[in-house]
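The values are calculated or read from the model by the stated rules, or taken from the named source; none is laboratory data. Computed from a prediction, not measured in an experiment: that's the story for all the values here. Glycine gets a Cβ as well: all are built from the backbone with ideal geometry, and neighbour counts include every protein chain shown. Note: accessible area is taken over every heavy atom of the protein model, side chains too, but ligands, DNA and RNA are not part of it. Shrake-Rupley method; radii C 1.70, N 1.55, O 1.52, S 1.80 Å.
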Amino acid sequence: MRWSGTAKALHWATAALVIGLLVLGWKMMSPSIPMAERFDLFQLHKSFGFVALGVVLLRVAHLGVRRAPALPSGRLERSLVRIGRALLWALLFATPLSGWATASASPLEIPTLFFGLFRMPDLVSPDASTFAVAAALHLSLAIVFAALIGGHVAAALKHHFGNRDDTLIGMLPTALHRDIKKCQF
């Protein structure tokens with residue numbers, strides 16, 4: 001069984017959103033950015049965080065309809081895949097939820113506007129101590145997420161170039177399969 005086209009599309013949409021959010025999160029924390037621009041970046045970050053959470057919920061719904069392909073046959077590799085998937089899924093939920101809690105708990109009480117269209121409800125009431133904990137958690141999760149993504153990419157490249165198997169190719173859009181197969185050394 002291979003990944004479906006829908007699963008691939010949702011995977012790459014999630015990847016683009018998460019990587020974009022990590023980059024945007026890093027940029028918006030720069031002290032050299034004027035406050036008005038920083039405010040806009042925070043609102044954009046929050047809006048795309050909600051989009052990412054929505055895409056993750058779609059992925060869960062899709063997995064309910066179409067299961068993931070079988071795990072590798074090796075015992076150690078199967079365990080590593082299970083652990084990696086569990087951590088990725090946990091972070092796909094925990095990171096945006098901790099960001100939402102951070103925005104909600106902010107003592108500044110700045111509303112979260114979804115792309116300027118409507119106000120998102122708060123998860124918690126404004127509170128300085130809750131804000132501090134949620135912000136530290138959100139930052140910590142983002143750092144762990146970035147490291148885990150690096151490991152995920154490294155594992156895919158190891159399969160492609162080291163094992164010379166179709167693990168990476170199986171998650172790429174079908175149109176890229178032939179071109180990527182040529183890149184195996």
For the stretch 36-45 the number of residues that are touching a Leu at 6+ places or on another chain (Cβ under 8 Å) and open to solvent by 40 Å² or more (accessible area, probe 1.4 Å) is 1
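Each row is one residue, and each column tells you yes or no for (1) in contact (Cβ under 8 Å) with a residue 40 or more places away in the chain; (2) closer than 20 Å to Pro96 by Cβ.
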| residue | (1), (2) |
| --- | --- |
| Ser4 | yes, no |
| Ala16 | no, yes |
| Gly20 | no, yes |
| Gly25 | yes, yes |
| Val51 | no, yes |
| Val55 | yes, yes |
| Ala61 | no, yes |
| Arg66 | yes, no |
Give me the residue from the stretch 110-127 that is within 19 Å of Leu41 (Cβ to Cβ) and outside any strand (DSSP E or B) and, out of that set, most open to solvent (accessible area, probe 1.4 Å). Leu117
Keeping to the stretch 82-109, report how many residues are open to solvent by less than 40 Å² (accessible area, probe 1.4 Å) and of a type outside the set (Gly, Ala, Ser). 6
Can you confirm whether Ile33 is in a loop (DSSP other than H, G, I, E, B), β-branched (Val, Ile, Thr) and open to solvent by less than 30 Å² (accessible area, probe 1.4 Å)? yes
Any chance the stretch 2-22 includes a residue that's small (Gly, Ala, Ser), open to solvent by 80 Å² or more (accessible area, probe 1.4 Å) and farther than 17 Å from Thr112 by Cβ? no
For the subset of the stretch 47-77 comprising residues that are basic (Lys, Arg) and modelled with pLDDT under 90, which member is least open to solvent (accessible area, probe 1.4 Å)? Arg66
Scan Phe131, Phe145 and give me the residue that is modelled with pLDDT of 95 or more, open to solvent by less than 60 Å² (accessible area, probe 1.4 Å) and assigned to a helix (DSSP H, G or I). Phe145
